[in-house]
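The values are calculated or read from the model by the stated rules, or taken from the named source; none is laboratory data. None of these values were measured; they are calculated from a predicted model. Positions of Cβ are backbone-derived with ideal geometry, glycine not excepted, and every protein chain shown enters the neighbour counts.
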Amino acid sequence: MANYSHAADNILQNLSPLTAFLKLTSLGFIIGVSVVGNLLISILLVKDKSLHRAPYYFLLDLCCSDILRSAICFPFVFNSVKNGSTWTYGTLTCKVIAFLGVLSCFHTAFMLFCISLGCTWDYCRTVANRAKTLHFCVFTIGYIYWVSLFHAMCSIGCIIIKTKAVCINFLLKRKERS
């Protein structure tokens, strides 16, 4: 493993300043567009009373989840790339950021699955499904967060940290020192 971390360090040191600039510019653009775009959609969904229905509650939840991921997880990645892909925040922060990233990804996947099931169900039973209320949406969103939380907690220690290149360099260097 030590050879792998040294090889990764050599690769990162050979990157040109232009490549680093392009990476940082792309990440900054992604962060900005994601936060601003999702914020605008969220404001529209909250202000327009005609959009206070089940599919739009789910869309609002997706926007909030994406805003949190973009505002919390991406800046750490941005700083890591800026520092030559080295993680300087510590083990706990690495695990928390990885956990939030996994939670957001699972939540988005499950929410999109539930939205597609809801659309199919609405198409098949148009009359019976008009009674979706805010309580049903809150229950569904809560359930999806619970299932996503379970998946994120189960996978964080054994899968995610081992595959995170940014965090793994920090953890390997820490093991080499001790």
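Hey, any hits in region 46-67 for a residue that's in contact with a Phe, Trp or Tyr (Cβ under 8 Å, 6 or more places away or on another chain), at pLDDT 85 or above and surrounded by 13 or more Cβ atoms within 10 Å (Cβ to Cβ)?
Within region 46-67 (the criterion being in contact with a Phe, Trp or Tyr (Cβ under 8 Å, 6 or more places away or on another chain), at pLDDT 85 or above and surrounded by 13 or more Cβ atoms within 10 Å (Cβ to Cβ)), the answer is no, since none of the residues qualifies.
Looking at (1) within 30 Å of Val138 (Cβ to Cβ); (2) touching a residue at least 12 places away in the same chain (Cβ under 8 Å), which is the one condition that is false for Val33?
(2)
Identify all residues within region 122-148 that are among the aliphatic types (A, V, I, L, M) and at pLDDT below 65; write none if there are none.
Val127, Ala128, Ala131
Can you name every residue in region 27-76 that is within 30 Å of Thr93 (Cβ to Cβ) and among the basic types (Lys, Arg)?
Arg69 - this is the single residue of region 27-76 that is within 30 Å of Thr93 (Cβ to Cβ) and among the basic types (Lys, Arg).
When residues of region 50-92 are filtered for being of a type in the set (A, V, I, L, M) and farther than 25 Å from Phe113 by Cα, how many remain?
Looking only at that region, the number is 3.
Starting from region 141-160, keep only residues that are under 16 Å from Phe58 (Cα atoms), then list their pairs with residues that are β-branched (Val, Ile, Thr) and modelled with pLDDT of 60 or more whose Cβ atoms are within a distance under 9 Å, requiring at least 6 positions of separation or different chains.
Once the first residue is under 16 Å from Phe58 (Cα atoms) and sits in region 141-160, its partners that are β-branched (Val, Ile, Thr) and modelled with pLDDT of 60 or more give Ser148/Val102; Ser148/Thr108.
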